[in-house]
Amino acid sequence: MRLVDQRDPAMCGDAPDPSPDGKYLAYSGHRAPTDGPNDLYLFDLAKGAHTALLHATALTPRWSRQGTRIAFIDSGPRPNVINPDGSGRRMIA
């Protein structure tokens, strides 16, 4: 699935995943027209705001069931997790 914000058409992303509480989408995205690596973003559905969590390749983000972590694949490709505020990134086995 492709994510395009009609209020900010330069912002586009892939693989959006809703948070368990339904307040956010985690997605892999970038600002057009760049074709660089997809960064990790959160989209606040109530505010309509994009927040960059990580400026590095981050593919296929998925929320934990509790909504306390976001898992993603880096450029390795290796699995990683990060907190929803962008802190605590670490690789997982």
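The values are calculated or read from the model by the stated rules, or taken from the named source; none is laboratory data. What you see is a predicted model; the values in this text were computed from it and never measured. Reconstructed Cβ throughout: ideal geometry from the backbone, glycine too, with neighbour counts over all protein chains shown. Keep in mind that these areas ignore ligands, DNA and RNA; they rest on the heavy atoms of the full protein, side chains included. Shrake-Rupley method; radii C 1.70, N 1.55, O 1.52, S 1.80 Å.
Tallying residues that are acidic (Asp, Glu) and at pLDDT below 95 within region 11-26 yields 2. Among residues of region 27-51 being in contact with a Cys (Cβ under 9 Å, 6 or more places away or on another chain) and open to solvent by less than 30 Å² (accessible area, probe 1.4 Å), the one that is modelled with the lowest pLDDT is HIS30.
Looking at region 52-93 only, could you name the residues that are small (Gly, Ala, Ser) and within 14 Å of PRO20 (Cα to Cα)? First the steps, then the outcome.
Residues of region 52-93 that are small (Gly, Ala, Ser), as a first pass: 52, 56, 58, 64, 67, 71, 75-76, 86-88, 93.
Residues satisfying the conditions are SER64, GLY67, ALA71.
Considering region 57-93, and only residues there that are free of Cβ contacts under 8 Å to residues at least 40 places away in the same chain and in contact with a Lys or Arg (Cβ under 7 Å, 6 or more places away or on another chain), the residue that is most open to solvent (accessible area, probe 1.4 Å) turns out to be MET91.
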